[in-house]
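Reviewing the structure listed below.
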Protein chains: 2
Amino acid sequence: MMLWKETAPGVWKASIGDVAEEQQQGLTPLKCIGASPQVEAMEKLPHAALPLELASIVIHESAGRRIVSVPLQQAEKLYGMGLQFMRMNQRGRTRYLRVNSDPKQDTGETHAPVPFYISDSGYGLLVDSSRIITIHAGSTLRQEDTAAIAVRDRNTDKAWQATLTASRIEIVLPAEGADVYVFAGPAPADVVRRYNLFCGGGILPPKWGLGFWHRVPKMFHATEALDEALAFRHRDFPCDCIGLEPGWHSKSYPVTNEWSEERFPDPAQFVSAMQEEGFRVNLWEHPYISPDSRIYLQLKALSGSHTVWGGIAPDYSLPDARALYMQQHQQEHVDIGIAGYKLDECDGSELTNHSWMFPAHATFPSGMDGEQMRQLYGLMFQKMTADLYRNTGLRTYGLVRASNAAASSMPYVLYSDLYDHKQFIRAISNASFCGLLWTPEVRKAQNAEDWVRRMQSVCFSPMAMLNAWGDGTKPWSYPEVEPIVRHYIKLRMRLLPYFYTAFALYREEGTPPFRAMPLVMTAAEITQAEAHSQQAQTVGEILNTSDAAYGKRTIREWDDQYMIGDSLLAAPMVAGESEREVLLPSGIWYGFETGERYTGGQVIRVKPGLERIPLFVREGEIIPLMAERSHMPKCGERVQLELVHFGPVPGTGRLYDDDGETFDYEKGEAIWCNLAVTQQAEGAWCGEISAAARQTELYMYDDIRWRFAQVHI
Amino acid sequence: MMLWKETAPGVWKASIGDVAEEQQQGLTPLKCIGASPQVEAMEKLPHAALPLELASIVIHESAGRRIVSVPLQQAEKLYGMGLQFMRMNQRGRTRYLRVNSDPKQDTGETHAPVPFYISDSGYGLLVDSSRIITIHAGSTLRQEDTAAIAVRDRNTDKAWQATLTASRIEIVLPAEGADVYVFAGPAPADVVRRYNLFCGGGILPPKWGLGFWHRVPKMFHATEALDEALAFRHRDFPCDCIGLEPGWHSKSYPVTNEWSEERFPDPAQFVSAMQEEGFRVNLWEHPYISPDSRIYLQLKALSGSHTVWGGIAPDYSLPDARALYMQQHQQEHVDIGIAGYKLDECDGSELTNHSWMFPAHATFPSGMDGEQMRQLYGLMFQKMTADLYRNTGLRTYGLVRASNAAASSMPYVLYSDLYDHKQFIRAISNASFCGLLWTPEVRKAQNAEDWVRRMQSVCFSPMAMLNAWGDGTKPWSYPEVEPIVRHYIKLRMRLLPYFYTAFALYREEGTPPFRAMPLVMTAAEITQAEAHSQQAQTVGEILNTSDAAYGKRTIREWDDQYMIGDSLLAAPMVAGESEREVLLPSGIWYGFETGERYTGGQVIRVKPGLERIPLFVREGEIIPLMAERSHMPKCGERVQLELVHFGPVPGTGRLYDDDGETFDYEKGEAIWCNLAVTQQAEGAWCGEISAAARQTELYMYDDIRWRFAQVHI
């Protein structure tokens, strides 16, 4: 029997099993991040009845395990469950939500295995646990439910499916139990908003975080790093942040988190020289502490039973361990102006390319075990470093390779050693279901085409980054396409006011800045649009005895395109493609750079050249653009703002601004402007910025220019 | 504290935890197969002290789990742990021994996850459990052991390794405990022999099982199957067994195990027509019973909580369920002459290509759960069908997709939907460590070269088979290479006396008929031979940011060649290779078909044309060959035997024979001949067959011809 209690507007909680014990034994994702639900914002969300009775969610014992059983409708789709790379709709799959640094198979394992799903019927469910949760997302059929389904003959019946349509979700809880939360909609996007707001709201990065990032090769000296940074200025490529990779430490793999005297003899001077040129510095690190670290001996007693690469794995659920880590990072890095971190390898799983992680049976001084520590390690590092910057009053933005539930308020973007471009694009969509951000980082390319396509994708993602740590690439590595790459990095910069506003909506309303199509269109709308497709959808099971002996489903998921904010739709291309289909929501759309006009509510086909990523803007929208810059303006500096209005119809929009660097926005030091364009007479347009903006002025902009009724920028 | 007791010669057992409860709750692999240790044969194995003190194997609790901790020497190598596809030496890896039908990553999961390893120091260890066992095979380092290892800097120290050299194996036992067995050597091959004999000895297939197999396409009618079989005769391709794939059932996926009246109107007549032409018939099936089966309702009450493809999953740990299954199979198949089965999809794991398996939390009437049933399902089917044929007095030989420990006495060969040719070759070696047999079945090819290379490999494996179920291929599918394929299928047939003798040694002495190199040469011998290699061994960590960010080890494992019996060494080629290295054990060797002479104890390089698979025979050996045949002689029929002696030195050999079909060999109806070749005078050789053979005569051979001092056949 599950006892449900509404703990926040539209959020119900049931505690199952000996959760008190679980609370003692280890942190859960929600407890680890510890953010307060944004109740006020949640109250503004539409009220909605749940699409299922809470009483229909039952719990039962099966083979010594506690199973949460949730009814499932015939056509229901299930999204989320973390940073999934292989598919968007997880219906019919068993998702084994274990953190895995090398998630090459479609098992559910991933860098960020979030036990939260969204049903397109309009609700979401979270299991708040530090353990591996298995969600049978409609992949299991009990005997008593089997009678209701058609048992088909694979050989003679084309409708046979390798995975049958089940009528329940079965969630396997850990032995000690867990808290289960249900989130209301009504729409899937509202479920996601409610989840994000419940977890503390979305993160608002500093403005520079939305500029271009470059990570220099490992083992670079300070002078090499500075030279490489300056090359961006000389070659007219915008760049805001330089990341240092292994080599800045005195020792690494395991790490000291202390500077190499040989390669960085004067770190403070180096950081300040970089700042002088408009660059922030981000530091790579991982969790495993070298015997050469000055805090090694103190941390050793606070560490797990097993080592990694010879380094200790500290138990950061202990306040003393956190204090040591934070103090070291404060003194060594934050105090001299380091802007943030890349938190690598906190996603270790021993079942990878190499075995290097502490085992599940490792013990930690707090009583947590290796399984729990692995599931939460990424969150712990996010939380410690986020707190560090919050204490200084400056925002950070960085990279992390492991996450879990409750991470929407963390200033971190996920990345991976994987490199399939289609998977990288899909992950932009899938991250949006679970309060995650993801960068399809560029490292290298097969050829110039691949290079351009990857650069275009990353410029329309939460972090536009080239990670040259192992390949030594630079944005101009393929000279024949250098202008295209420069163009998109600059366009990314110019769109800062637009991106920043999208992130402000993430923070305040919980709306992901990058959104998968099921958060934009209903299933019915998508089906209707598909019906207008130029080519029939291929659906079926294609047999391949050496790769897909049970057949391969070919249902189009629209997981290769996504919305950015409310006005732009990106549909990246991958190398080898000369054309693609795009699902356009209803309304009139324009090619953002081409001006071509499209009627939405259908699937269109585009054939962009290599110099274009398909980008679409909705008619009536107002896109704010910043003047071209090599890096973000400093706090207080002002730049020109261009407000571009699209199409021959009136429109409205919003623009957010604040100082871009501090947390003063939380004290009201921020501004929301309403933008409106109206038509006075034929061809005579009028643009208005709301009174508030005129009174207090924007933080970063002056010289506001309007462009009306455009069809492209 | 582990209490060890010697339970068989050179085998010690310790029971850990509440094994009595485990015995009640579910079967273990050893209990499931229930074979008696071949104590007499074990006593003939060399006596050896264990290379480690049993007292050094300790058990401790860690994070609520029972861990068996075994000391590990610096250079020790660890083999086995089931049908591993990705590597041979498992040292440094965590092996998660879960049955998995789609084992595409190097996690330890596989079709046959045997919790048994062999250390090259000369002992083996088995955990006899129905649960998933995790073996940290030197992949974990405890804090207290870390001091002893060198903590290196990845960036500056070339000796840095992603996986450190640990000093213990850590085995995670199931909550209820398990029986642990340690097997003595002295050599790794003796460990394997002892393990196989302890499990009942190796299987001796019927002679026809060692002929060529062809599986016809799914949905074939009886007439189509017969026509395809006859095509082998018309085209002069030997073939002994035709397999029927999905379509012979009245319903399949799930199955009825009853004949389709449409496609097989008179099954008995079909089988007898096939037998007339010298073909045995093998039937594909899987475990999940269709509602259309006549025994469905009876089995339903004896089945698990969850269904698969709409079919029930019977609990065959229950005698009643076994009786229903066996009775049905007896009447429907065995009584009309069906020769055996292909037991498909008993290796289901829900984390695959498609989710179709019952979950780990499924319950079964016996009290077993889904995890246990999945781990043992393959063994249960092997045992039931083996018993069925034993009851009839006729041997069977077939295919199974799941296995576990204790399977050496089962008449089954493993196969997979995977298709990487190098992995397929490696699995021949890896199967030999754990009492398993494996076929690198051929299904289709990229091109004629690939076709030939795969056909060559499969002809030198435990089952020479073309599986055309989904691709409709035939041995003559690539006409340009048809003669090469025919040649090797015929050579396979001619080698029957040799293969059969190798299997007899498997049965009686536990020696695998196909053997990995570490069961043939010591680590020191291999190192010495490598020192004589024509090219230096490349050892190191090659970095690739998109595929091997922690580097890729390039140690040559010699997992692409293997011994067949005591005299032949096969070193298959794969498409795209024009030459390869071969590690030859000491002694003089000849190219079996080329006559080239090689000095062993070194690595040689060969450049065979497409028409040759590198095959080597040791000087002095005597290879028995049968006269060319299109299929195996019937019981009682006699054929010519050729005894080919190699090189200009005296030699000895052995030859086994029996009726080839029944179990009468267990009653002494069998013959072992000692073969000897001596030199009377320069060029005058004399061959002798031991008295026993002359007295009782061989079962299948007359007209024995000798060829002496040959350099090729």
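Do the sum for chain B: with -39,500 (n - 2.57) for every DSSP H run of n ≥ 4, divided by all residues, what is the mean residue ellipticity at 222 nm, to the nearest 500 deg cm²/dmol? Don't skip to the answer; put the middle values down first.
Working: 16 runs with 163 residues, N = 713.
Taken over chain B, the calculation gives -7000 deg cm²/dmol.
Quick one: with all protein chains in place, what share of the accessible area of segment A:622-710 is carbon or sulfur, to the nearest percent (1.4 Å probe)?
Values: 1940 of 4210 Å².
Heavy-atom surface of segment A:622-710 belonging to carbon and sulfur, 1.4 Å probe: 46 percent.
Taking all pairs of different Cα atoms in the protein assembly as shown, averaging 1/r and flipping that mean, what Kirkwood radius in angstroms comes out? Mind dumping the intermediate values first?
Numbers: mean 1/r = 0.0294 Å⁻¹.
After inverting the pairwise mean of 1/r, the radius is 34.1 Å.
Report the normalised scattering of segment B:5-198 as log10 I(q)/I(0) at q = 0.08, 0.13, 0.18 Å⁻¹, calculated by the Debye formula with identical scatterers on the alpha carbons.
Cα-only, vacuum Debye calculation for segment B:5-198: -0.27, -0.71, -1.34.
Need one value for A:147-153: mean number of C-beta atoms belonging to other chains within 10 Å of its residues' C-beta atoms. Each step should come with its number before you reach the end.
Details: counts 3, 0, 3, 1, 11, 6, 13.
Mean partner-chain Cβ count within 10 Å for A:147-153: 5.
Can you find, among A:Ala448, A:Leu643, A:Val255, the residue farthest towards the positive end of the dipole of chain A? Put +1 on the C-beta of Lys and Arg, -1 on that of Asp and Glu.
Highest projection toward the positive end goes to A:Ala448.
With each label point set 7 Å from Cα along the Cα-Cβ vector, what nm distance links A:Glu682 and B:Ala548?
7.1 nm
Peptides B:251-259, B:110-118: what's the order by average Cβ count within 10 Å, highest mean first? Working shown, then result.
On the way: B:251-259: 24.6, B:110-118: 28.8.
Packing order, densest peptide first, comes out as B:110-118, B:251-259.
Between B:Thr599 and B:Arg638, what is the FRET efficiency for a Förster distance of 41 Å, r being their Cβ-Cβ separation, to the nearest 0.05? Working shown, then result.
Details: r = 40 Å, r/R0 = 0.97.
FRET efficiency, B:Thr599 to B:Arg638: 0.55.
If you place +1 on the Cβ of every Lys and Arg, -1 on the Cβ of every Asp and Glu, and leave all else neutral, what size is the dipole of chain A about its Cα centre, to the nearest 20 Debye?
Values: 68 positive and 88 negative charges, 212 e Å.
Using only the charged Cβ atoms, the result is roughly 1020 debye.
Roll a 1.4 Å probe over the protein heavy atoms and report the accessible area of B:Glu530 in Å², nearest 10.
40 Å²
With a sphere of radius 13 Å drawn around the Cβ of A:Gln74, what net charge do the other residues whose Cβ falls strictly inside it have (Lys, Arg +1; Asp, Glu -1)? All intermediate terms of the calculation are to be shown ahead of the outcome.
Values: positive: A:Lys77, A:Arg91, A:Arg168; negative: A:Glu76, A:Asp120, A:Asp145.
Net local charge, A:Gln74 excluded: 0.
How many angstrom lie between the Cα centre of segment B:256-305 and the Cα centre of segment A:455-469?
Here the answer is 57 Å between Cα centres.
From the C-alpha gyration tensor of segment B:622-710, pull out the three semi-axes of the equivalent ellipsoid (sqrt of 5λ each), sorted largest to smallest, in whole Å.
Numbers: eigenvalues 134, 45, 18 Å².
Equivalent ellipsoid of segment B:622-710: 26, 15, 9 Å, largest first.
Roughly how much accessible area, to the nearest 100 Å², goes out of reach of solvent when B and A pair up, both sides summed, probe 1.4 Å? Before the final figure, lay out the partial values.
Working: alone 26320 and 26360 Å², together 45530 Å².
That pair of chains buries around 7200 Å² in total.
With +1 on each Lys and Arg Cβ and -1 on each Asp and Glu Cβ, how big is the dipole of the protein assembly as shown about its Cα centre, in debye rounded to the nearest 20?
640 debye
Once the dipole of the protein assembly as shown is set up with Lys and Arg at +1 and Asp and Glu at -1 on Cβ about the Cα centre, which of B:Thr522, B:Leu584, B:Pro291 lies farthest towards its positive end?
Of B:Thr522, B:Leu584, B:Pro291, it is B:Leu584.
Would you work out which of A:Met626, A:Ile542, A:Gly177 lies farthest towards the positive end of the dipole of chain A? Charges go on Cβ: Lys and Arg +1, Asp and Glu -1.
A:Ile542
Strictly greater than 50 Å: what percent of every Cα pair in chain A meets that? Walk me through the numbers on the way to the answer.
Details: 27590 of 253828 pairs.
The answer is 11 percent, as a whole percent.
How much accessible area per residue does chain A have, in Å², with a 1.4 Å probe?
Working: 22790 Å² over 713 residues.
The answer is 32 Å² per residue.
Please work out the FRET efficiency for the pair A:Thr652 and A:Asp320, using the Cβ-Cβ distance as r and a Förster radius of 45 Å; give the result to the nearest 0.05. Please report the intermediate quantities before stating the final value.
Values: r = 53 Å, r/R0 = 1.18.
Efficiency computed from Cβ-Cβ geometry: 0.25.
Any chance you could run the full-extension gain for A:Asp703 through A:Thr156? It's 0.36 nm times the residue separation minus the Cα-Cα distance, nm to one decimal.
Details: separation 547, 0.36 × 547 = 196.92 nm, distance 7.02 nm.
Going from the current span to full extension adds 189.9 nm.
Under 16 Å Cα-Cα from B:Lys158, which aspartates and glutamates qualify once same-chain neighbours fewer than 8 residues away are excluded?
Cα-Cα hits under 16 Å: B:Glu541.
Tell me which aspartates and glutamates have Cα within less than 16 Å of B:Lys474's Cα, excluding those fewer than 8 residues away on the same chain?
Reachable aspartates and glutamates: B:Glu224, B:Asp227, B:Glu228, B:Asp236, B:Asp240, B:Glu245, B:Glu441, B:Glu449, B:Asp450, B:Glu482.
Taking the Cα centre of segment A:5-198 as the origin, how large is its charge dipole in debye, to the nearest 20, when only Lys and Arg (+1) and Asp and Glu (-1) carry charge on their Cβ atoms? Before the final figure, lay out each step's value.
Details: 21 positive and 22 negative charges, 109 e Å.
About 520 debye.
Can you give the average number of partner chain beta-carbon atoms within 10 Å of each beta-carbon in peptide B:355-367, as a whole number? Before the final figure, lay out the partial values.
Values: counts 16, 10, 3, 3, 13, 8, 13, 6, 6, 1, 0, 0, 1.
For this peptide, the per-residue mean of nearby foreign Cβ atoms is 6.
Along the Cα-to-Cβ line of B:Met2, 7 Å from the Cα, sits a label point; which residues in segment B:27-64 have backbone N less than 20 Å from it?
B:28-31, B:48-64
Given a Förster distance of 35 Å, report the FRET efficiency between A:Glu628 and A:Met219 from their Cβ-Cβ distance, rounded to the nearest 0.05.
Details: r = 34 Å, r/R0 = 0.97.
Given R0 = 35 Å and the Cβ-Cβ separation, E is 0.55.
How would you order A:282-288, B:472-478 from highest to lowest mean count of nearby Cβ atoms within 10 Å?
Details: A:282-288: 24.3, B:472-478: 18.3.
Highest to lowest by the protection proxy: A:282-288, B:472-478.
Could you pull the accessible area for B:Asp266 with a 1.4 Å probe, rounded to 10 Å²?
Estimated to the nearest 10 Å², B:Asp266 gives 80 Å².
Which links in B:Lys5/B:Lys31; A:Lys490/A:Lys607; A:Lys218/A:Lys251; B:Lys5/B:Lys383 stretch past 20 Å when you go from one Cα to the other?
Values: B:Lys5/B:Lys31 18 Å; A:Lys490/A:Lys607 23 Å; A:Lys218/A:Lys251 13 Å; B:Lys5/B:Lys383 28 Å.
With Cα atoms farther than 20 Å apart: A:Lys490/A:Lys607; B:Lys5/B:Lys383.
Excluding ligands and nucleic acids, what accessible area in Å² is computed for B:Ile169 using a 1.4 Å probe, to the nearest 10?
0 Å²
Which residues of segment A:129-143 end up with at least 10 Å² less accessible area in the presence of all protein chains than when their chain stands alone, using a 1.4 Å probe?
Hits at the 10 Å² cut-off: A:His136, A:Ser139, A:Thr140, A:Leu141, A:Arg142, A:Gln143.
Per residue of A:168-176, how many C-beta atoms from partner chains lie within 10 Å of its own C-beta, taken as a mean?
Neighbouring Cβ atoms belonging to other protein chains average 1 per residue here.
The values are calculated or read from the model by the stated rules, or taken from the named source; none is laboratory data. Please read all numbers here as calculations on a predicted model, not as lab measurements. In this analysis, Cβ positions are derived from the backbone assuming ideal geometry, glycine residues included, and neighbour counts consider all displayed protein chains. Please note that ligands, DNA and RNA were not included when accessible areas were found on the heavy atoms of the full protein model with its side chains. Shrake-Rupley method; radii C 1.70, N 1.55, O 1.52, S 1.80 Å.
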